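Here's the structure, in structure tokens; my notes come after.
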Amino acid sequence: MPRHVLAEDVATQQAGAPERHDAIAAVGADATLAGVIAEPFEGARALGDWGYGLLLSMGVHWNALPLSIGLDVLPIRWGSATSLIDVGRGDRTARAELTRRDQTVMLGSWL
């Protein structure tokens, strides 16, 4: 790890005083942010039909141990689909629009 030498460090060493060391944090943190896009199986007719999501991964580790513990959060909107259907009520039928929106939220932890 590179160390920056300050003018006061040089003066302290020349005076015979013990060398000053920078403190190292005992706990470290990791974070990752990633994105995803996906085309639905039925195809995309507009930009709003595309799926998208965002992954946030955060973790902490103790510098003395080679272990990390963390949490992942991944909300995804997979897309939507709209279709026309005929709905029967008694002896009459009516045309209706059926819209489906697919969404998922995944939570995870890791060690």
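The values are calculated or read from the model by the stated rules, or taken from the named source; none is laboratory data. The model shown is predicted, which means the values in this text are computed figures rather than measured ones. Neighbour counts are summed over all protein chains in view; Cβ atoms, including those assigned to glycine, are modelled from backbone coordinates with ideal geometry.
Some notes on this structure:
- The set of residues in segment 53-106 that are among the hydrophobic types (A, V, I, L, M, F, W, C) and either over 27 Å from ILE37 (Cα atoms) or modelled with pLDDT under 80 (or both) comprises VAL60, TRP62, ALA64, LEU65, LEU67, ILE69, TRP78, ALA81, ILE85, VAL87, ALA94, ALA96.
- The residue list ARG45, ARG100, ARG89, ARG95 contains one member that is surrounded by 11 or more Cβ atoms within 10 Å (Cβ to Cβ), more than 23 Å from ALA29 (Cα to Cα) and charged (D, E, K, R), which is ARG100.
- Matching residues, segment 32-49, being of a type in the set (A, V, I, L, M, F, W, C) and under 23 Å from LEU107 (Cα atoms): LEU33, ALA34, VAL36, ILE37, ALA38
- Counted residues, segment 50-70 - those being more than 18 Å from VAL105 (Cα to Cα), touching a residue at least 12 places away in the same chain (Cβ under 8 Å) and of a type outside the set (Ser, Thr, Tyr): 8
- Evaluation of GLY108 against the conditions (1) without any contact (Cβ under 8 Å) to a residue 40 or more places away in the chain; (2) touching a Gly at 6+ places or on another chain (Cβ under 8 Å) shows that the sole unmet condition is (2).
- Candidate set: segment 71-87, residues that are of a type outside the set (A, V, I, L, M) and out of contact with any Leu (no Cβ under 9 Å at 6 or more places or on another chain); chosen: the one farthest from SER109 (Cα to Cα): ASP86
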